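The values are calculated or read from the model by the stated rules, or taken from the named source; none is laboratory data. Please read these numbers as outputs of a predicted model, since none were measured by experiment. Ideal geometry is used to build each Cβ from the backbone, glycine not excepted, and the neighbour counts take in all protein chains shown.
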Amino acid sequence: MLIKRPADIKSSEITPEAVYNDRRRFMQTTAGLALAPLFASAAFAESMPNGQKLNYLQPKQFASSEPRSTFEQITHYNNFYEFGTDKYSPAELAQKLTVSPWSIAIEGEVEKPGVYTLEDILKPHSLEERIYRLRCVEGWSMVIPWVGFSLGDLIKRFKPTSGAKYVEFTTLSRPAEMVGQRRNVLDWPYVEGLRMDEAMHPLTLLAVGLYGEVMPKQNGAPIRLVVPWKYGFKSIKSIVKIRFVSKPPISSWMRSVPSEYGFYSNVNPEVDHPRWSQGRERRIGEFLKRETLKFNGYGEQVAQLYQGMDLRKYF
Ligand SMILES: Nc1nc2c(c(=O)[nH]1)N[C@H]1C(S)=C(S)[C@@H](COP(=O)(O)O)O[C@H]1N2
Ligand SMILES: [Mo]
């Protein structure tokens, strides 16, 4: 990560005044955060009602000059098949989901496997805001101010072994509350996967909120993945299991339609979906389409992960 913790910043470092003042401000926030709980209210552990405020930092490198999609757009145009296959049902049907208590099983090629409560998972991490573009494979996009922390920082705590080459993520299975799971539109529960270096990349986020508030249920409460250079379906919601494995996991979409969805699913205007072009996208709320950027515009940060790979073959 590019963020310096106060302890790493030597007082002997000579910096121009403007930078110094900025850093001082940053350090003050960071120092304050060490004492403050992650959540503005200690009631977080018992319940996470929609709308509850989070405490978080705003590191500069994840800011964006692009206008954000509105809270209304982000929370009322969702893909969450566990709550229906249309974009409008999750906002309503996901409100039935019980998100507390919540735990995550850490399994597979790892030195510290176990079932951890959400509080255990979150405790050592400070939250930060990251404004990321999300590009859905269907051809629309949004700009979302997530609140979360790097997945890589979590992974390091559980010490994956040398056999851990990939990470598999699984969503909750609870048809009593997830009404979409009563129909076989996908092979439930929803599964996704990343290569280890993708999972460790500093851009890869575990998000627990957006617009400074606890994650709305329809957006994947209480904790979901956000991988901004890949199509949106890689960003799995409501995670209950993280498993370290030696072989590439088979995601729900690969299992369902292997000719259309590959393991990598990097946003790529040069590789069309078999049934439509991926060259353009519609930002939700806008009329005219815009060009889709390779790796969703994050190529400078992630292109080297795929050097030498034929991205038509590894789509
Ligand atoms: N468990 C689960 N995760 C999921 C999905 C889903 O249906 N189930 N849909 C994916 C798709 S296709 C997209 S585009 C994003 C949408 O996230 P959002 O609704 O927060 O914008 O979530 C992804 N994560
Ligand atoms: Mo999507």
* Asked: Of Tyr132, Tyr166, which residue is within 15 Å of ligand 2 (Cβ to nearest atom), closer than 30 Å to Arg275 by Cβ and either at pLDDT 95 or above or surrounded by fewer than 22 Cβ atoms within 10 Å (Cβ to Cβ) (or both)?
  -> Tyr132
* Hits in the stretch 202-228 (condition: farther than 17 Å from Arg133 by Cα and within 16 Å of ligand 2 (Cβ to nearest atom)) -> Gln218
* **Neighbours by Cβ (under 8 Å, 6+ apart or cross-chain): first from the stretch 125-142, at negative phi; second of a type in the set (D, E, K, R) and more than 14 Å from ligand 2 (Cβ to nearest atom)** => His125/Asp153; Ile131/Glu66; Ile131/Arg68; Arg133/Glu66; Trp140/Arg283; Ser141/Arg283; Met142/Arg283
* To do: Scan the stretch 167-198 residue by residue and report those that are under 12 Å from Ile242 (Cα atoms) and in contact with a helix residue (DSSP H, G or I) (Cβ under 6 Å, 6 or more places away or on another chain).
  => Val167, Val191, Glu192
* To do: Could you list, in sequence order, all residues of the stretch 229-277 that are part of a loop (DSSP other than H, G, I, E, B), of a type in the set (Ser, Thr, Tyr) and within 14 Å of ligand 2 (Cβ to nearest atom)?
  => Tyr231, Ser235, Ser251, Tyr261, Ser265
* Asked: If you go through the stretch 240-255 one residue at a time, do you hit one that is within 17 Å of Thr171 (Cβ to Cβ) and either at pLDDT below 95 or exposed (fewer than 14 other Cβ atoms within 10 Å of the Cβ) (or both)?
  -> yes
* Structure fact -> Checking Ala207, Ala221 in turn, the sole residue that is within 13 Å of ligand 1 (Cβ to nearest atom) and assigned to a loop (DSSP other than H, G, I, E, B) turns out to be Ala221
* Structure fact -> Only unsatisfied item for Val185, checking (1) within 14 Å of the chain's Cα centre (by Cα); (2) surrounded by fewer than 20 Cβ atoms within 10 Å (Cβ to Cβ); (3) not acidic (Asp, Glu), is (1)
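Condition (residue is of a type in the set (A, V, I, L, M) and part of a loop (DSSP other than H, G, I, E, B)) applied to the stretch 299-308: is it met by at least one residue?
No.
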* Structure fact -> Val110 passes all but one of the listed conditions (1) over 24 Å from Tyr231 (Cα atoms); (2) without any contact (Cβ under 8 Å) to a residue 40 or more places away in the chain; the exception is number (2)
* Asked: Does the stretch 175-185 contain any residue that is of a type outside the set (S, T, N, Q) and within 16 Å of ligand 2 (Cβ to nearest atom)?
  -> yes
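Can you go through Ser103, Ser162, Ser141 and tell me which one is of a type in the set (S, T, N, Q) and within 13 Å of ligand 1 (Cβ to nearest atom)?
Of Ser103, Ser162, Ser141, the one residue that is of a type in the set (S, T, N, Q) and within 13 Å of ligand 1 (Cβ to nearest atom) is Ser141.
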